[in-house]
Amino acid sequence: MAFTLIDLPYPDNALEPAVSANTLSFHYGKHHQAYIDKMNAAIEGTDHADKSMEDIVSAARGSNQGLFNNAAQSWNHAFYWHSMAAAETAPSDELKAKIDAAFGSVEELKTQLKDRGAGHFASGWVWLAEKNGELSIEETHDGDTLADSGFNPLLTVDVWEHAYYLDHQNKRPAYLSAVVDHKLNWAFASENLARGSAWTYPA
Ligand code: MN
């Protein structure tokens, strides 16, 4: 089975000015499509061909770095598109209570997400995640993912330079402020928390 690039959950200009339609034309239309295409080429005719994307990530981790990178990046980008919304949504009461317990407030969580994203060395991802009922901020490097980690990822922000260079040039903190302060999809995070297990790529 070949995987299909998921549809963006909003029009390509919905995230402006944080993330422009021009950025999405490259980041979604070229980069994400390329990860999907390379993963499909790598699994065709192998015993990975009938697996879920999550099972491919897990099987390739530590044993097939090329396949792992493309499968993990296919998953990470789909999760990232859903982690943003045209207008900031509100966390559920359940999520709000867990954020308050772990960080003190939503505003403090946002500050820490921006700080961790800005401080992340080189390429990677910053995540809000849940494990054993507690929330934490996690970072993964390069294409690494929380898809098969034992964490329940709630939200992610891409801090690879290709995520922001066209809109914010080298100013990663400006991109992080624009996304974290105005475009996070807390409704998606709330759904992920309520489900209690990691989001899965649509079959
Ligand atoms: Mn990216």
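The values are calculated or read from the model by the stated rules, or taken from the named source; none is laboratory data. Treat the numbers as computed from the prediction; the structure is a model and nothing was measured. Glycine also receives a Cβ, built like all others from the backbone with ideal geometry; neighbour counts cover every protein chain displayed. We work out accessible area using only protein heavy atoms, side chains counted, and drop any ligands, DNA or RNA first. Shrake-Rupley method; radii C 1.70, N 1.55, O 1.52, S 1.80 Å.
The figures follow:
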| quantity | calculated |
| --- | --- |
| Residue-averaged [θ]222 nm for the chain, counting only DSSP H segments that reach four residues, each worth -39500 (n - 2.57) | -13500 deg cm²/dmol |
| Accessible surface of E191 - all protein chains present, 1.4 Å probe, nearest 10 Å² | 110 Å² |
| Lysine pair count for the chain [Cα-Cα under 29 Å; pairs on different chains or 8 or more apart] | 23 |
| Shape metrics for the chain, restricted to C-alpha atoms - Rg then Dmax, Å | 16.2, 50 |
| Net charge dipole size for the chain [Lys, Arg +1 and Asp, Glu -1 on Cβ; Debye, nearest 20] | 260 debye |
| Whole-number percent relative contact order across the chain, with pairs defined as alpha carbons under 8 Å at least 6 apart | 27 percent |
| Peptide ranges 117-125, 193-201 listed from the most packed, as the mean C-beta count within 10 angstrom indicates | 117-125, 193-201 |
| Heavy atoms of F68: accessible area, 1.4 Å probe, square angstrom to 10 | 10 Å² |
| Charge dipole (debye, nearest 20) of region 136-203; +1 at Cβ of Lys and Arg, -1 at Cβ of Asp and Glu | 240 debye |
| Charge dipole (debye, nearest 20) of region 93-195; +1 at Cβ of Lys and Arg, -1 at Cβ of Asp and Glu | 200 debye |
| Cα pair distances in region 56-168, grouped into 10 Å bins until the bin that holds the longest one, percent each | 13, 43, 33, 10, 0 |
| Convex hull volume of region 1-67 per residue (C-alpha atoms, cubic angstrom) | 97 Å³ |
| Relative contact order (percent, whole number), region 21-82, Cα cutoff 8 Å, 6+ residue spacing | 41 percent |
| Probe 1.4 Å, protein heavy atoms only - accessible area per residue of region 14-120 in square angstrom | 44 Å² |
| Most fluctuating residue given options L154, L109, L176, as computed from a GNM of the chain linking Cα atoms under 10 Å | L109 |
| Under-5 Å amide H pairs with L154, H placed in peptide plane, nonlocal only | L128, A129, E130 |
